[in-house]
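Below: the structure, in structure tokens.
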Amino acid sequence: MLGETRILHAELRLFLKEEQMSTPEKIFAYRVLQNWNEGFLEKAGVKGWTQFDDGENWSGEGLSEADDKAAEDDKADRAATPISSSSIDAGTGRWYAWDLTEAVRNWYDGTWKNYGIVLIGEVKAFSLKSFASSEDIAQLNRPKLVITHMPPELIESISSYDEANAADNDGVYHPGQSIVISISSHNKQTGLVGTVRIQSVGIIPGMPGGYDTGERLLEDKGNGTYEYVWGTDGLGEGRYQVTARLVDPTSKRESINSSLTIQLDATPPVAISVSVNAGAKLVTKRDITLTLSARDATWAFISGDLSPTDTVMRWIPYVQTVPATLSPGDGMKSIKVKFMDDASNESNELEIQVQLDEMPPQIESVSSHDVDNPTDADGIYRPGQKILIIAKTKEGEKGLKGLIRISGKGYDTGDQPMKDEGDGSYTYLWESGGVPDGEYTVTVTLTDTLSRSTKNSDYKITLKSTGPSNPKVAILNAAQFTTSRDVMLALQAEGATEMFISGDVVDDVNTFKWIPYKQSLLVTLTKGDGLKTITVRYR
């Protein structure tokens, strides 16, 4: 058979020569999963019941070990499910057949390894049925494997694309485009002769007699590709059927394919419209939702006063709602939309306008930290520390006017200007020297160019000049002697939030630096026996 032949049917035919003590029965054909020695079995006689080669045993006598795994199995001799069966019920001197179409197809394409088949009858009692073998003296009675097959179709596929834009290949075009009809031969066969015929389907406006190119010669482009360029100038809208024919001049084989239909469409999308936020004329946020509508549209192009995103400034698949973001800055914004159909027909551009008037500034957070030690940011400080107060806006709003007021018992800064850091944050440096102990309220006011203000008075700062009282440190359980360098400290200081451990201890993540206050902490003493000193400071 030729490569890639299509197998339509296959059957094994055996000639029944003799029967003894035989009754009608079905004989099943099973796929063999072990490689066996044909020469050995020809001479083995009864040994073949237990062995498939000299000294090599079947897993089960008479290939009784069965498994339905598709791949060969080290244990199984044959498949458990038969491929087919044949009823032996008409006596000797006649042919019986087993359908092996599935097996032959799988052997042919390499899905299964071909170790042959074994025939097993359904009768359990003694029964002898003798079929003519491949060595039978009567050649006409020898086994036959009859395969019905056909060569592959010459035409592998048929398609179309716009000559000016190969990516436009959806089969829908507008009149005036030059459309390439492309036929690929099976297995990239060259040297074929091909024609194409294009006919209208149904009624075409302006063409009462229909349309028919007649047989047009295909150009051999090499590598098994055959093409014809169809000019569509002046043609009406409608469906056109493409029939391709390839002929092998040597074998005279011929293939015809009429599976391609092309649609010509000259009408752009109609009934087009666009709205912002369900028809709003004024919006207070840059993020908006566009609602699009257009009959027969498959693509949309959105432009105008919009920030670049994946949905604007490019052709996108047509959907009814599209998220977009207006360009920064308040004022009147213009939005433009046009539509296109599958045939690349573009609609007129539609333009609408919407007023952007964003919300007042939004304060996201107010925080503080010591200028010289940014990690000191708990809102509790000593008088005299330089404290940086930071107000952050949502969405990083810049260009705002910031005012801050710090007030407490007997103290008030009044409104003081804040510095615009240019990243949506506003700062003020409070020098707290001479300010008495106590809790102070921080009020931040941010105002935009439209004089809209937002005020926040939630943040508090505490000034405290006295440190923690009643400081203590001891080895856990008041131990004065230890045999281990690792010791647990018992720590105590009223009002402490941080501590600094030093002395005869190993420098690690908890020593020789300020760390959060804890009531117990494991430290490691320095090497060497003797008296060790541990110093703890609190603040």
Just the residues that are within 21 Å of R537 (Cα to Cα) and modelled with pLDDT of 80 or more, please, taken from the range 472-486. K472, V473, A474, I475, Q480, D486
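Give D420, D415, D437 a once-over and let me know the one that is surrounded by 13 or more Cβ atoms within 10 Å (Cβ to Cβ), among the acidic types (D, E) and modelled with pLDDT of 95 or more. Write out each step before concluding.
Values: D415 fails: surrounded by 13 or more Cβ atoms within 10 Å (Cβ to Cβ); D437 fails: modelled with pLDDT of 95 or more.
None of the others qualify; the one that does is D420.
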From the residues in the range 137-188 that are touching a helix residue (DSSP H, G or I) at 6+ places or on another chain (Cβ under 8 Å) and aliphatic (A, V, I, L, M), which one is surrounded by the most Cβ atoms within 10 Å (Cβ to Cβ)? L154
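Residue by residue, here is whether (1) closer than 30 Å to D330 by Cα; (2) surrounded by 11 or more Cβ atoms within 10 Å (Cβ to Cβ) holds:
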| residue | (1), (2) |
| --- | --- |
| E431 | no, yes |
| D448 | yes, yes |
| A474 | no, yes |
| A478 | no, no |
| K518 | no, yes |
| V523 | no, yes |
| T533 | no, no |
Consider the range 217-238. How many of its residues are surrounded by 15 or more Cβ atoms within 10 Å (Cβ to Cβ) and either assigned to a strand (DSSP E or B) or touching a Cys at 6+ places or on another chain (Cβ under 8 Å) (or both)? 7
Which of the numbered conditions does L282 fail, given that it passes all the others? Conditions: (1) aliphatic (A, V, I, L, M); (2) on the phi > 0 side of the Ramachandran plot; (3) exposed (fewer than 14 other Cβ atoms within 10 Å of the Cβ). (2)
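Collect the residues in the range 376-399 that are in contact (Cβ under 8 Å) with a residue 12 or more places away in the chain and over 21 Å from L446 (Cβ atoms), keeping them in residue-number order.
Residues satisfying the conditions are D378, I380, Y381, R382, P383, G384, Q385, K386.
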Given the conditions (1) free of Cβ contacts under 8 Å to residues at least 60 places away in the same chain; (2) out of contact with any Gly (no Cβ under 9 Å at 6 or more places or on another chain); (3) more than 25 Å from L16 (Cα to Cα), and given that R105 satisfies all but one, which numbered condition is not satisfied? (1)
What are the pairs, 6+ residues apart or on separate chains, where a residue within the range 463-489 that is at positive phi has its Cβ under 8 Å from a residue that is surrounded by 13 or more Cβ atoms within 10 Å (Cβ to Cβ) and not hydrophobic (A, V, I, L, M, F, W, C)? N470/Q492
Restricting to the range 354-363, what's the tally of residues that are more than 38 Å from the chain's Cα centre (by Cα), in a strand (DSSP E or B) and under 19 Å from V276 (Cβ atoms)? 1
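The values are calculated or read from the model by the stated rules, or taken from the named source; none is laboratory data. Here the structure is a predicted model, which is why all the values come from computation and not from measurement. Don't worry about glycine lacking a Cβ; one is built from the backbone with ideal geometry, like all the others, and counts go over all protein chains shown.
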